[in-house]
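**Q** Could you have a look at this structure, given as structure tokens, before my questions?
The values are calculated or read from the model by the stated rules, or taken from the named source; none is laboratory data. Keep in mind that this is a model prediction, so the values were computed, not measured. When we count neighbours, we look across all protein chains shown, and the Cβ atoms used for this are built from the backbone with ideal geometry, even at glycine. With ligands, DNA and RNA removed, areas are computed over all heavy atoms of the protein, side chains included. Shrake-Rupley method; radii C 1.70, N 1.55, O 1.52, S 1.80 Å.
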Amino acid sequence: MLAIVPVALLAGCSRRERVLETDYVSAPQVFLRDHLAQVYNKVGTAKNGDRVDVLDREKRFARVRTESGAEGWVEQRYLVTQQVFDGFQKLKQQEQNSPVQGTATTRNDTNLHIEPGRDTEHLYQLSLGAKVSVLQRASVEKSATGAIAKPVSGAALGTGKPVQPAMEDWWLLRDPDGHVGWVLGRLIDLDVPLEVAQYSEGQRIVAYFVLNEVTDGDKKVAQYLTLLTESKDGLPYDYNQVRVFTWNTKRHRYETAYREHGLNGMLPVTVSHENFGKEGDLPVFVLRVKDAGGNVVERKYKMNTPMVRRVGN
């Protein structure tokens, strides 16, 4: 009897199938099929981000086992590899302390990509109306998978001028669950208050920050820093204008307290508070801009409502 028990255990272990690899579900939800046929039974489900073990592959399908033990067939296009998952984890770690450049709302269901580009890998999904934090911007060629494309010669078109490829802006976001990834810029709207956005004068607001609040009667009203550009993708800078809006407590409306044009501005912008002695504790913001030599330099500003002044050189 003692000799039989180990043999039985080994026999049981051998029946457990070998795991080919570990994948993750990239669709909102997938159903597990009991077999590959036009008519099948649903034997389980897996949702976005779930870890599954791949047991077998057949053409465009993979047989998987979920962490709950359910087994069945799913389409391989709904799965991504461990390498992609690890890439998203690394991105999340890298951006955990990145300053938020504003909040935004998704226009429809969309994917979080590991890199900017329509053909890059994606894992997590955002639903329509999701609130996200904006972190960075990148411009890529519309049909490319990441790197910014170089100008194409126009000789074949009978001109001596280089032909610039169509570009599009992508934004690095953090979702409410802490996932970080890239989303096509036109699929989100910044949550800039309408009372401020109406003064954009046809320019695109790419980031905004609350500097402080003032009291108007029985309510608190926020005062804002906004960053703007021309309303087009593929620009060589993140912003070229800044405007500060303060609240006039007598007229009960926003007014432009400060504006600056012609900047070669780069994100991120940081906002904080500093003590300036007799002036007291004031909001401070730091812009990062490229100088004539292409070097990124920092410019610090303070706001003593309604005045905004540059600090230092």
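**Q** Would region 170-189 turn up any residue that is of a type outside the set (Phe, Trp, Tyr), closer than 22 Å to residue 302 by Cα and under 16 Å from the mean Cα position of the chain (by Cα)?
**A** Within region 170-189, none of the residues are of a type outside the set (Phe, Trp, Tyr), closer than 22 Å to residue 302 by Cα and under 16 Å from the mean Cα position of the chain (by Cα).
**Q** Return yes or no: is residue 79 open to solvent by less than 80 Å² (accessible area, probe 1.4 Å), over 22 Å from residue 110 (Cβ atoms) and touching a residue at least 24 places away in the same chain (Cβ under 8 Å)?
**A** Criteria not met by residue 79.
**Q** Could I ask something else about it? Could you list all residues from region 66-75 that are crowded, with 16+ Cβ neighbours inside 10 Å and either free of Cβ contacts under 8 Å to residues at least 24 places away in the same chain or in contact with a Phe, Trp or Tyr (Cβ under 6 Å, 6 or more places away or on another chain) (or both)? Can you show your working first?
**A** Step one: filter region 66-75 for residues crowded, with 16+ Cβ neighbours inside 10 Å, giving 66, 71-74.
Of everything in region 66-75, just one residue is crowded, with 16+ Cβ neighbours inside 10 Å and either free of Cβ contacts under 8 Å to residues at least 24 places away in the same chain or in contact with a Phe, Trp or Tyr (Cβ under 6 Å, 6 or more places away or on another chain) (or both), namely 73.
**Q** Then there's this: Do any residues in region 86-110 that are among the basic types (Lys, Arg) have Cβ atoms under 9 Å from those of residues that are assigned to a loop (DSSP other than H, G, I, E, B), where the two are at least six apart or on different chains, and which pairs are they?
**A** Correct list of pairs: 92/178; 92/179; 107/128; 107/129.
**Q** Here's another thing I want to ask about it. I'd like to verify a number: residues in region 224-246 that are in contact with a Phe, Trp or Tyr (Cβ under 6 Å, 6 or more places away or on another chain) and farther than 30 Å from residue 164 by Cα, how many?
**A** Qualifying residue count for the region: 4.
**Q** Next question. Which ones in region 187-209 are open to solvent by 50 Å² or more (accessible area, probe 1.4 Å) and in contact (Cβ under 8 Å) with a residue 24 or more places away in the chain? Full working, then the answer.
**A** Our first condition is that a residue be open to solvent by 50 Å² or more (accessible area, probe 1.4 Å); within region 187-209, this holds for 189, 194-195, 198-199, 201-204.
Residues satisfying the conditions are 189, 195, 199, 202, 203, 204.
**Q** Let me ask another. What tally of residues in region 279-311 results from selecting those that are over 25 Å from residue 250 (Cβ atoms) and either in contact (Cβ under 8 Å) with a residue 60 or more places away in the chain or among the charged types (D, E, K, R) (or both)?
**A** Looking only at that region, the number is 8.
**Q** Condition (residue is exposed (fewer than 11 other Cβ atoms within 10 Å of the Cβ) and under 30 Å from residue 140 (Cα atoms)) applied to region 264-287: is it met by at least one residue?
**A** No, there is no match, as no residue in region 264-287 is exposed (fewer than 11 other Cβ atoms within 10 Å of the Cβ) and under 30 Å from residue 140 (Cα atoms).
**Q** Restricting attention to strands (runs of 3 or more DSSP E) lying wholly within region 83-151, give those where 2 or more residues are buried (at least 19 other Cβ atoms within 10 Å of the Cβ), among the acidic types (Asp, Glu) and modelled with pLDDT of 95 or more. Quick ask: steps written out before the conclusion?
**A** Working: elements: 103-106, 110-113, 122-126, 131-141.
Passing ranges: none, list empty.
**Q** Only strands (runs of 3 or more DSSP E) wholly contained in region 211-272 count here; list those with 2 or more residues that are within 19 Å of the chain's Cα centre (by Cα).
**A** 219-229
**Q** Which residue is least open to solvent (accessible area, probe 1.4 Å), if the candidates are limited to region 29-60 and must be polar (S, T, N, Q) and not in a loop (DSSP other than H, G, I, E, B)? Break it down into steps so the answer makes sense when it comes.
**A** Within region 29-60, the first condition is being polar (S, T, N, Q), and the residues that meet it are 29, 38, 41, 45, 48.
Those still in the list that are not in a loop (DSSP other than H, G, I, E, B) too: 29, 45.
Details: 29: 108, 45: 75 Å².
Here the answer is 45.
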